[in-house]
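*Asks:* Attaching a single structure in structure tokens format; questions to follow.
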């Protein structure tokens, strides 16, 4: 009689809630750690975090990042270190959003925002230049390009979430502020990470 | 014997009568086309409901115009004919599939009050049946046309000059011919109880709850349902177009409007098969007339509801059952359905003869069941023996091969 149980199952489904979301009209909330389009972050004083070391390009499995560093001009430095990212390009026709570049970055310069709806229509638009990736010098918010579909509030905290999994997000960080400040956000307290025995509140001192 | 005929056509012909007949033809054509359109939408919507999905919902309210959009798209697509195709037959096949599907609906009584009247309605001062035609051989026309439809499928596969359509067509013709036997025997049982082949008379004999589904004892109805599903190549009997094995079966090489015609025929057959099932077993438009003021509405409404029940069941079957294996299909058709339909037919025939002769029904049933049980035991024994022989034969041939290798 297994057949008839099957009929009952399909009949019951008629009144169940639909799992499909009609996508462009309704959109699901995105997961907290979604890997989307990259941003290049700045320090609180507006200096770029990228030092042009090329670790992100080295670790990239899709070989989609191109970085060329240059010495900082002494009279008008771009980044606090000796060198800065002179050319920084990401080819989004190749990028697989694995987030390894974010893990590799020693200065937390590159992070991934939650934006994934960016449908460029030609190849040169697919290659994001440093100007396009860099957050705005005044507000610290990422730039919105004409073909990008940012949802409300998504341009905030584009660098915040990555810290829990970054090298500085290890369980031993409790009580220490272990990362750099952020233009528009200041120094944020450490997130809980994945060890789970500390609360974010006791973590660090907010600047 | 009086040949059942439409009172409209009994008198001398004049222009008005010809126009009424033409009107009926046009209305049934349009009705069928629109219902096919809605049926495709209904199936897609219902099956997505059963799979927790939403289904088409963009074209028109609730996506109801989706089929129209698909049809327009298909119409403007490129019409390909494979290089190896037999061009004439390739172009002919879709029509062979579509035309019978249309014609079958002509013999289905869609309305008419069979309880208080004789199933006629008055239109423009003429009494007439609510069906396009009522030929005396009636339901045999349905069997004949569904046999013609096999040609459409078979020639489509053969004329494509391609292997998957050919395989699909061979499967289709084997399946449709096998199940037509069981289908015919189930219908023959209806002939016995109704005493006529004309669809109008069959419906008239079932009026006032005297439905054939009860008077023939449910079994022929179930056989008709299973064999009908197989005849339609619907899941779980859709081996003909098993996408995973045959790409699309007999219509793999078809594109554009020719493909649309096969698609149309398939869904139209589904509707006509449901309508025929309602006519044969569920009393057609028979049902209580609840509001006297609009008496003409009720038979049509009951007919519609009964057909909808079948259409729902077809979709439900598709949503629930996986496709069966080919040998299971043939086993079910030849070893179960045909013997069962034949046995039931003989039992009903014996009861009919017994009633005519005034015998008591109890011994007739007892003797009948005993004879049928003996027949079933013999058949089962024969099947088992054949299976054992085949196994021995296969074993023997292996030994022969082994011996050959040794020498």
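*Asks:* Let me see the P(r) profile for the range B:165-218: every Cα-Cα distance counted, bins of 10 Å, each bin given as a percent of all pairs.
*Replies:* Histogramming the range B:165-218 at 10 Å steps yields 22, 38, 20, 16, 4 percent.
*Asks:* Counting other C-beta atoms within 10 Å, which of B:305, B:8 has the fewest, and how do the rest follow?
*Replies:* Ranked by crowding around the Cβ, least crowded first: B:305, B:8.
*Asks:* Additional query: What is the distance in Å between the Cα centroid of the range B:358-388 and that of the range B:117-144?
*Replies:* The distance from the Cα centre of the range B:358-388 to that of the range B:117-144 comes to 40 Å.
*Asks:* Within 10 Å of each Cβ of B:310-323, how many other protein chain Cβ atoms are there on average?
*Replies:* So the per-residue partner count for this stretch is 2.
*Asks:* So if I average 1/r over every pair of distinct C-alpha atoms in the range B:226-275 and take the inverse, what Kirkwood radius in Å does that give?
*Replies:* 11.4 Å
*Asks:* Using a Debye calculation, one point per C-alpha and no hydration shell, please list log10 I(q)/I(0) for the range A:31-162 at q = 0.10, 0.14, 0.15 Å⁻¹ in order.
*Replies:* -0.29, -0.58, -0.67
*Asks:* Moving to a separate point now. Could you estimate the translational diffusion coefficient of the range B:291-402 from the Stokes-Einstein equation, with Rh from the Kirkwood formula over C-alpha pairs, at 25 °C and 0.890 mPa s, in whole µm²/s?
*Replies:* Value of D from the Cα-based Kirkwood radius: 127 µm²/s.
*Asks:* Apply 1/(1 + (r/R0)^6) to the Cβ-Cβ distance of residue B:51 and residue A:62, taking R0 = 35 Å, and write down the FRET efficiency to the nearest 0.05.
*Replies:* Efficiency, from the Cβ-Cβ distance: 0.50.
*Asks:* Moving on. Take the Cα coordinates of the range B:1-115, assign each an equal point scatterer, and use the Debye formula without solvent to give log10 I(q)/I(0) at q = 0.19, 0.23 Å⁻¹.
*Replies:* -1.15, -1.30
*Asks:* Still on this structure, I have one more. What Rg and what Dmax come out for chain B when only alpha-carbon atoms are used, in angstroms?
*Replies:* Radius of gyration, then largest Cα-Cα span, for chain B: 24.0, 92 Å.
*Asks:* While we're looking at this one, here's another question. Starting from 0 in steps of 5 Å, tell me what percent of the Cα-Cα pairs of the range B:89-224 lands in each bin.
*Replies:* Per 5 Å bin, starting at zero, the Cα-Cα P(r) for the range B:89-224 comes out as 2, 10, 15, 17, 16, 13, 10, 8, 5, 3, 1, 0 percent.
*Asks:* With Kirkwood's inverse mean 1/r over C-alpha pairs for Rh, give me the Rg to Rh ratio of the range B:14-65, two decimals please.
*Replies:* 1.31
*Asks:* Count the DSSP beta bridges whose two residues both fall in the protein assembly as shown, then state the antiparallel fraction as a percent rounded to the nearest 5.
*Replies:* So the antiparallel bridges amount to about 95 percent of the total.
*Asks:* To continue, here is another question. Between residue A:74 and residue A:30, what FRET efficiency follows from the Cβ-Cβ distance if R0 is 45 Å, with the result rounded to 0.05?
*Replies:* It comes to 0.55.
*Asks:* Within a 10 angstrom radius of the beta carbon, how do A:152, B:79, A:131 rank from fewest other beta carbons to most?
*Replies:* In order of increasing Cβ crowding within 10 Å: A:152, A:131, B:79.
*Asks:* Roughly how far apart, in whole Å, are the Cα centres of the range B:49-105 and the range A:45-63?
*Replies:* Answer, in whole Å: 54.
*Asks:* Here's a follow-up. Just to check, using Stokes-Einstein with a Kirkwood Rh over alpha carbon pairs, what's the diffusion coefficient of the protein assembly as shown at 4 °C and 1.567 mPa s in µm²/s?
*Replies:* Taking Rh from Cα pairs, D becomes 42 µm²/s.
*Asks:* Separate question: Add -39500 (n - 2.57) for each DSSP H run of 4 or more in chain B, then divide by its residues: what number comes out at 222 nm, to the nearest 500 deg cm²/dmol?
*Replies:* Calculated mean residue ellipticity at 222 nm is -22500 deg cm²/dmol.
*Asks:* What is the gain in length, in nm to one decimal, between residue B:58 and residue B:143 on full extension, counting 0.36 nm per residue of separation less the C-alpha to C-alpha distance?
*Replies:* 26.7 nm
*Asks:* Along the Cα→Cβ direction, 7 angstrom out, place labels at residue B:72 and residue B:362. What is the inter-label distance in nm?
*Replies:* The two pseudo-label positions are separated by 7.0 nm.
*Asks:* Follow-up. Please arrange A:151, A:123 by counting, for each residue, the other beta carbons lying within 10 Å of its beta carbon, fewest first.
*Replies:* If I rank by nearby Cβ atoms, fewest first, I get A:123, A:151.
*Asks:* Can you run the Rg to Rh ratio on the range B:301-357? Use alpha carbon positions and the Kirkwood inverse-distance Rh.
*Replies:* For the range B:301-357, the value is 1.19.
*Asks:* Using alpha carbons only, how many angstrom separate the centre of the range B:268-346 from the centre of the range B:177-191?
*Replies:* Computed from Cα coordinates, the inter-centre distance equals 14 Å.
*Asks:* If the chain between residue B:379 and residue B:99 were fully stretched, how many nm would it gain, using 0.36 nm times the residue separation less the Cα-Cα distance?
*Replies:* Gain in length upon complete extension: 96.9 nm.
*Asks:* What share of all Cα pairs of the range B:62-154, in percent, falls into each consecutive 10 Å distance bin?
*Replies:* 13, 25, 27, 23, 9, 2, 0
*Asks:* Stokes-Einstein at 10 °C, 1.306 mPa s, Kirkwood radius from Cα pairs: D for the range B:231-376 in µm² s⁻¹?
*Replies:* 83 µm²/s
*Asks:* Could you work out the mean count of beta carbons from other protein chains within 10 Å of each residue's beta carbon in A:10-18?
*Replies:* 5
*Asks:* Calculate, axis by axis, the spread of Cα positions in the range A:27-82 along the three principal axes, and write the results as whole Å, longest axis first.
*Replies:* Per principal axis, max minus min of the Cα coordinates gives 48, 28, 12 Å.
Values in this text are rule-based calculations from the coordinates and carry no lab data. Everything quoted here is computed from the prediction, not taken from an experiment. Cβ sites come from the backbone with ideal geometry, for glycine too, and all protein chains shown count toward neighbours.
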